[in-house]
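The values are calculated or read from the model by the stated rules, or taken from the named source; none is laboratory data. Since the structure is predicted, the reported quantities are computational estimates derived from the model, not experimental observations. Counting neighbours? That spans all protein chains shown, and the Cβs are built from the backbone with ideal geometry, glycine included. Note: accessible area is taken over every heavy atom of the protein model, side chains too, but ligands, DNA and RNA are not part of it. Shrake-Rupley method; radii C 1.70, N 1.55, O 1.52, S 1.80 Å.
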Amino acid sequence: MKKKVLLMGNHDTGSGKTSMRSIIFSNNLASATSRFGATIDVEMNHVRFLGSLVLNLWDCGGQETFLDSYLASQRNTIFRDVGVLIYVFDVETRDFERDISYYIECLDACRKNSPEADIFVLIHKMDLVTGGKRERTRAFELKKRELDKYSGSTPIKMFGTSIWDETLYKAWSRIVHTLIPNAPLLSSHLTSFAKICSAIEIVLFERTTFLIIARSGTSTGDLDDVIPPEAGPDSDPNVINPERFEKVSQLIKAFKVSCSRMQEQFHSMEIRFPNYTAVLELMTTNTYVMAIVADPNVQTATLRLNIRLARERFE
Ligand code: GTP
């Protein structure tokens, strides 16, 4: 299966499209992106995802001359057969009105040429908002409210993102999740598998990007529709971080990049907390699995054996 993914957004100094693409799909670190030059016209890349899914990434340069050309002479080529449009705004833009006018035009061109396309908006570089989480949430909500006015009747999913934290993985996991055909089935298998292993949570990551594919405890397969896991013996369920798996994506991805720089390969990991143990193992050719257990009687060797035995079923 092949899906065209359009990465768009206008900003003369770069809204961050190439940076996020290279971190997610080319194993670059965020610190390396400051050296990137502007994208000239369109850069196309094919990325294999989960073995059989090919993402045809169109990274469209965001300078105005290019955008004018996409909307005029290249309109049919750019906006035809789009599976997903990701429109990236720089949260610190100095000309939001100009950005919005391009956004409206691109949205219109995409809806006319590819009515089936899923559309996402990323309000990016959230790390530049001064203050803490509350200020970032307020800045995001303000921009979102403004953009909602111009997004038409079909609701558009919007995320606040930054290359410097887990928000990038949260947004991209939700985006690629829409392209995975059997996500609800995968989630229900993971829920059964968690019960068999006495695990409180199990999550599946794509092998190279470390994006979240599916997790246990959801009936619909929707990554956000999750019943909170059973609390460990002494833990307060309210302190469980809702973004814990995206954080794992971010940390393990950076760790894998470091391993490969040392000419080493990452295989598996076991992490012990006072109330939990997490085991991260290769599941199938294209996925890693992470199982979390709270029961101190469950041996991690048994957990690993169960993962090995389940491989065939998830392949
Ligand atoms: P064009 O190719 O010209 O369309 O630009 P682009 O949208 O591809 O932007 P690019 O990825 O080249 O990033 C431009 C600059 O923004 C680089 O210096 C990046 O390091 C920086 N950048 C990207 N993402 C973030 C982010 O989340 N936070 C901050 N602070 N800087 C970012």
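Please give the number of the condition Ser219 fails out of (1) modelled with pLDDT under 80; (2) under 24 Å from Leu168 (Cα atoms); (3) open to solvent by 20 Å² or more (accessible area, probe 1.4 Å).
Exception for Ser219: condition (2).
Scan region 80-94 and give yes if some residue there is over 22 Å from Ser162 (Cα atoms), open to solvent by 60 Å² or more (accessible area, probe 1.4 Å) and either within 13 Å of the ligand (Cβ to nearest atom) or in contact with a helix residue (DSSP H, G or I) (Cβ under 9 Å, 6 or more places away or on another chain) (or both), otherwise no.
There is at least one residue in region 80-94 that is over 22 Å from Ser162 (Cα atoms), open to solvent by 60 Å² or more (accessible area, probe 1.4 Å) and either within 13 Å of the ligand (Cβ to nearest atom) or in contact with a helix residue (DSSP H, G or I) (Cβ under 9 Å, 6 or more places away or on another chain) (or both).
Quick one: in region 97-122, which of the residues that are hydrophobic (A, V, I, L, M, F, W, C) and more than 16 Å from the ligand (Cβ to nearest atom) is most open to solvent (accessible area, probe 1.4 Å)?
Ile104
Where the second residue is within 16 Å of the ligand (Cβ to nearest atom) and assigned to a helix (DSSP H, G or I) and the first is touching a residue at least 12 places away in the same chain (Cβ under 8 Å) and open to solvent by 60 Å² or more (accessible area, probe 1.4 Å) and lies in region 123-150, which pairs have Cβ atoms under 6 Å and are six or more apart or on separate chains?
Filtered contacts from region 123-150: Arg136/Met126.
Consider Asn45 carefully, then state whether it is over 24 Å from Glu146 (Cα atoms), out of contact with any Asp or Glu (no Cβ under 6 Å at 6 or more places or on another chain) and open to solvent by 30 Å² or more (accessible area, probe 1.4 Å).
So Asn45 fits the description; yes.
Kindly check whether there is at least one residue in region 202-214 that is buried (at least 24 other Cβ atoms within 10 Å of the Cβ), within 24 Å of Ala301 (Cα to Cα) and without any contact (Cβ under 8 Å) to a residue 60 or more places away in the chain.
Within region 202-214, one or more residues are buried (at least 24 other Cβ atoms within 10 Å of the Cβ), within 24 Å of Ala301 (Cα to Cα) and without any contact (Cβ under 8 Å) to a residue 60 or more places away in the chain.
If I go through region 158-190 residue by residue, how many of them are among the polar types (S, T, N, Q), within 13 Å of the ligand (Cβ to nearest atom) and open to solvent by 30 Å² or more (accessible area, probe 1.4 Å)?
1
Given the conditions (1) near the ligand (Cβ under 8 Å from one of its atoms); (2) open to solvent by 50 Å² or more (accessible area, probe 1.4 Å), report the number of the one that Asn76 does not fulfil.
(1)
Could you check how many residues of region 10-32 are modelled with pLDDT under 85 and within 7 Å of the ligand (Cβ to nearest atom)?
Result for region 10-32: 2.
Go through (1) open to solvent by 20 Å² or more (accessible area, probe 1.4 Å); (2) away from the ligand (no atom under 12 Å from the Cβ); (3) at pLDDT 90 or above; (4) aliphatic (A, V, I, L, M) one by one and return the number of the condition Leu55 breaks.
Condition not satisfied by Leu55: (1).
Can you pull out the residues in region 272-298 that are open to solvent by 60 Å² or more (accessible area, probe 1.4 Å) and in a strand (DSSP E or B)?
Arg272
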